[in-house]
Amino acid sequence: MGTVSPAYSPLSDEWLMHRFNHLSPDLAAELPDALARMRSMCPVAHSEEYGGFWVVTRYEDVVRVAQDWETFSSAHGLSVPSAPTHARHYPVQVDPPIQRVYKRLVNAFFTPAALAPWEQPIRELATRLIDGFADDGACDFMDAFARPFPAVSFFDQALHAPAEEVEKVALLASTSSIPNHPDAATSWAGLSAWVSEFVERRRAEPGRGDIVDGVLNAEIEGRPITREEVLGTVQLLILGGLETTAGSLGLMMLRFCARPEIPAMLRERPELIRAAVEELLRLDGSFIAIARTATRDTELGGKHIKRGDKVIIYWASANRDEAEFADPEAFRVDRSPNRHLAFGLGPHRCVGSNLARLSLRIALEEILGRLDDINVPERAAVRFHSTLTRAPRSLPITFTAR
C-alpha cells in the first residue's frame, strides 16, 4: 500500500472509512473495537484499497446482502485479493440454483444423525491431545490443541486420509489461510497437489461410503461431476473446517483467560456448555466476514452500490450490533433469542455448522474438565491473522491440571 499520510494512520477514523484494509495486522489486533466504530460512523463504508470495495457492518445490512444472492453474487470475485489464485470452491463460489445441487451433495454427510457416531472418536482425540501437554503446566494452545484437534478429527472421520499425512496437510491448510505468510503461495500449491493425489488414490480404492465417495460418484444436473468440481469441493471441505474451528477455540480460550468466572461457571454447571458455545460463537466466532460482488446497481445503507462493486460483509460486526443484541459486548449464557451469524446466513450458510458445534462442545467439556487456573503469561504477546477468518497465530497459556 506504500506510505500513508498521518490522516490515514491505521485505525484512525479516516483509515476506517476510506482506507480500510482487511489484511492489516493493526485491524486484526483491534477488530471488535474497529468494527464498532464503523457501525457508529459509517455502517456502509467505501475503501480505496485493492481497487475499491464496500465494508458492511450493521446486522440489518449484512442480513440483506447475505440473503439477496441475486444482487450480491458469490460466483464472481468472491474475495478482495488476499490469497494466491486457487481452484473454484464448490458450493461457496457458485450461486443458486446450481449452488443448491452442490450443497445437497455434502449436506447429507453433516446432519446431526450422520455425525452422531463421530462423538466418541472426537472425544477420545481431545483426551489424547490434552494428555500430551497436561502435565507440563504450559503449552502453546494453538499448536498443542486448537489446530490439531479439528484437523486430525476431520481427516480421520470425514476423509479417511492416511494418519501419517494429516500433520503435513493440516499445516499446508493452515499456512495457506494466513495472509501475508511467506509460505502462503507454496502452501496453496502443496495443498492443491495433495488433494489431487488423494482424490486419485481414492478413485482406485474400494468405496467407504464417506463424503469422498459421495463427491466422486456425484451427478450434477444429470452429468458426472468433473474433476475440477471434485477437487474444488474437497479442498473447500478442508479449508472450511480447520482454521475456522481452530480460530474459534483460540478466541474462546483468550476469553476464558480474561474472564475466569466464565470457565468457573461452566465447570460447576457443564449442562450450560452447549448454550455457552452459541454465545461464544457470537462473541468470538472466527468466520468474521465474506465477500460478494454486486450484479446490478442498488442502494445499501443510503449508499449507491454499482454493478461490479466488491462488498465485504462482516459477520463479526453484525454479531455485536446493538440494534440486534442487548448488551452485545457481554457474555450471557441465557441470551434468547441468539440469532448470531457465526456460520453465515442465506444459501451459502456454512455446511459444517453441526460438526463445528459438536467439536467445540466436546473440546470445551474436555478442556474445562482437565485444566484449571488457565492464564496467558503476562509478557506474552498474542498476535492475530485476519482476512475473512481470524485466529491467534499462537497462544501461550499456563494452567493447573485437575
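Bear in mind these aren't lab numbers, they're just calculated from the coordinates by the rules spelled out. Please read all numbers here as calculations on a predicted model, not as lab measurements. Glycine also receives a Cβ, built like all others from the backbone with ideal geometry; neighbour counts cover every protein chain displayed.
Between S336 and R104, the distance separating the two model label sites (each 7 Å from Cα on the Cα→Cβ line) works out to 3.5 nm. The chymotrypsin sites (Phe, Trp or Tyr not before Pro) found in segment 96-141 include none that occupy coil by DSSP while having at most 10 further C-beta atoms within 10 Å. For the chain, a Kirkwood radius taken over Cα pairs fed into Stokes-Einstein (37 °C, viscosity 0.692 mPa s) yields D = 150 µm²/s.
For segment 247-402, the direction-averaged projected area of the alpha-carbon convex hull comes to 10.7 nm².
Would you mind giving the three semi-axes, in whole Å and largest first, of the ellipsoid equivalent to segment 315-402 according to its Cα gyration tensor? Can you show the working numbers first?
Values: eigenvalues 144, 60, 53 Å².
Its equivalent ellipsoid spans semi-axes of 27, 17, 16 Å.
So how strong a dipole does the chain carry about its Cα centre when Lys and Arg Cβ are +1 and Asp and Glu Cβ are -1, to the nearest 20 debye?
That gives a dipole near 740 debye.
Once you reduce segment 17-59 and segment 97-120 to the center of their Cα atoms, the two points are 34 Å from each other.
Mind checking the full-extension length gain between Q120 and E14? Use 0.36 nm per residue of separation minus the Cα-Cα distance, one decimal, nm.
On the way: separation 106, 0.36 × 106 = 38.16 nm, distance 5.11 nm.
Contour length minus Cα-Cα distance gives 33.0 nm.
Distance between the modelled labels on N217 and M265, one decimal in nanometres: 4.8 nm (7 Å Cα→Cβ projection). Using a simple spin-label model with pseudo-atoms 7 Å out from Cα toward Cβ, E329 and E205 lie 5.0 nm apart.
Once Rh is set to the Kirkwood radius over Cα pairs, what Stokes-Einstein translational diffusion coefficient, in µm²/s, holds for segment 140-225 at a temperature of 10 °C and a viscosity of 1.306 mPa s? Numbers along the way, then the final one.
Details: Rh = 14.4 Å.
Once the numbers are plugged in, D ends up at 111 µm²/s.
Maximal additional length on extending the E165-D68 stretch stands at 30.9 nm, based on 0.36 nm per residue less the C-alpha distance. Legend: ranking of residues S286, S74 from fewest to most surrounding C-beta atoms inside 10 Å; resulting order S74, S286. Residues D213, D136, ranked from the fewest to the most other C-beta atoms within 10 Å, line up as D136, D213.
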